[in-house]
Structure formats: C-alpha cells, structure tokens
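The numbers here are math on the coordinates, done by the rules we state, and not lab data. What you see is a predicted model, and the numbers here were worked out from it, not measured in a lab. Here the Cβ positions follow ideal geometry from the backbone for every residue, glycine too, while neighbour counts run over all protein chains shown.
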Amino acid sequence: MITRADKETQVKAIAEKFAKAKGAFIVDFKGIKVEQVTNLRKKLHKSESEMKVVRNTLAKRAFASHPGAAKAFEGSMKGTNAIVFSYGEVTATAKALAEFAKDVEVLQIKTGMMEGEALDASKIKFLATLPGKDQLRAQLLALFKEPSAKMARVLDMYAKKNGEAAPAQA
C-alpha cells in the first residue's frame, strides 16, 4: 500500500514533469503487451519524451498546480491511463504516438495539451502530420537560397551567350 508521503512525492514529481514539458498527451494503454510498451518508450525517448503510468487521482492532484492541464485533461482521466510528457518537439511526440497507434490499434490517444491549449484527437492527428522543426528549417533555407540561385543561373546563361558571340580577349 502506498503511504501518504509516497503519494505526495509522486504528485510533486508529476507536477514537475508538467512544468518542464512543452506538451503532454493522455493515452489509454489497456491491452498492450509489455514488449510493445517497451518499444513505445524507446520511440518516445528518441523524440525527447517519456511515458509515465500514473494513478488518475494522483494526476488530478498534480493538475491543481497547472490549470491548463486541469482544463485539458479533466474529462479524460478514466480507466487505465498514462501521461506522455513531451520535452522536445511536440510534433515529434505526436508523430511517434500516431505511428505506434497505427501499428498497435489498442493504444488510444485520448487528448493532449500543447502550451496550455487542449488538443482533441483530430488536432493531435493534424499535429502528427506537420513536419518537424529541422525539416521546416531546411525548407525555409531552401526558400532563401532559391532567388539567388536563379539569379546565378541567369547570369551564367548571359555570360555563356555573350561569351560565344564575342572573341576572347587576352
């Protein structure tokens, strides 16, 4: 049996994880095998996330210090739940969860939260389709590079055209 001091320690630890996390998701993991949970944890670790199985009553107590989480998760804390804390890119965590949910249909992504805003299942699916931060940076750099690359090609073509018509000077 868990003592009151242990419960307070767990509530404090959950509250600290919410304070550090950029986003969080509530998932129902009932029916998932141990190996599958281990694989999910490994995938989440790659995206700077972690999954914590918590008692619903203790999680609700931890939400008291985070009003955004309390509002986002108030109706979803029923049954067997785990909280996935995202410390890095929230989109990467959403992608990892969505991909895993495709493979293991038993996993249900109930709800989520990003920067204090509640996310329903459709928003989480949309978030999972967005490119990651590194991919967005690469696309932006390609956009910056394109005009100068076009200008260089035009100047090169002009130089080649004029170079053929005029004799070379020494």
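Check the straight Cα-Cα distances from K60 and name the lysines below 19 Å, setting aside those fewer than 8 residues away within the same chain.
Excluding near neighbours in sequence, the set is K7, K12, K17, K20, K22, K52, K71, K78, K110.
Can you work out ³J(HN,Hα) from phi for every residue in the stretch 102-118, in order, using Karplus 6.51 cos²θ - 1.76 cosθ + 1.60 and θ = phi - 60°, giving whole Hz and x for Gly and Pro?
Taking θ as phi minus 60°, the curve returns 5, 6, 10, 5, 5, 5, 10, 8, 6, 7, x, 8, 9, 6, x, 9, 6 Hz for the stretch 102-118.
Tell me, what HN-Hα J-couplings in whole Hz come from the Karplus equation 6.51 cos²θ - 1.76 cosθ + 1.60 at θ = phi - 60° for each residue of the stretch 53-66, using x for Gly and Pro?
The phi angles translate into 7, 10, 6, 4, 5, 5, 5, 4, 5, 5, 5, 4, 8, 10 Hz.
Using only the Cα atoms, work out Rg/Rh for the chain, with Rh taken as the Kirkwood radius, to two decimals.
Details: Rg = 24.8 Å, Rh = 18.7 Å.
So for the chain, dividing Rg by the Kirkwood Rh gives 1.32.
Could you work out the relative contact order of the stretch 4-130? I mean the mean sequence separation of Cα pairs under 8 Å and 6+ apart, divided by the number of residues, in percent.
The normalised contact order for the stretch 4-130 reaches 37 percent.
Ranking request for peptides 130-136, 83-89: highest mean number of other beta-carbon atoms within 10 Å first, then the rest in descending order.
Working: 130-136: 12.3, 83-89: 20.3.
The most tightly packed comes first, giving 83-89, 130-136.
Taking amide H atoms as placed 1.01 Å from N in the peptide plane, list the residues 5 or more away in sequence, or in a different chain, whose amide H sits under 5 Å from that of F29.
Residues meeting the amide H criterion: A82.
For the stretch 17-23, take each phi angle, set θ = phi - 60°, evaluate the Karplus expression 6.51 cos²θ - 1.76 cosθ + 1.60, and give the result in whole Hz per residue in order, putting x for glycine and proline.
These are the phi-based 3J(HN,Hα) values: 5, 5, 5, 7, 6, 7, x Hz.
Could you calculate the contour length gain from N162 to K125, that is, 0.36 nm times the residue separation minus the distance between their Cα atoms, to one decimal place in nm? Mind dumping the intermediate values first?
On the way: separation 37, 0.36 × 37 = 13.32 nm, distance 5.51 nm.
Computed gain between N162 and K125 is 7.8 nm.
Can you tell me the mean projection area, over all orientations, of the convex hull of the stretch 18-106's alpha carbons? Units nm², please. Don't skip to the end; give the middle numbers.
On the way: hull surface 21.5 nm².
It is 5.4 nm².
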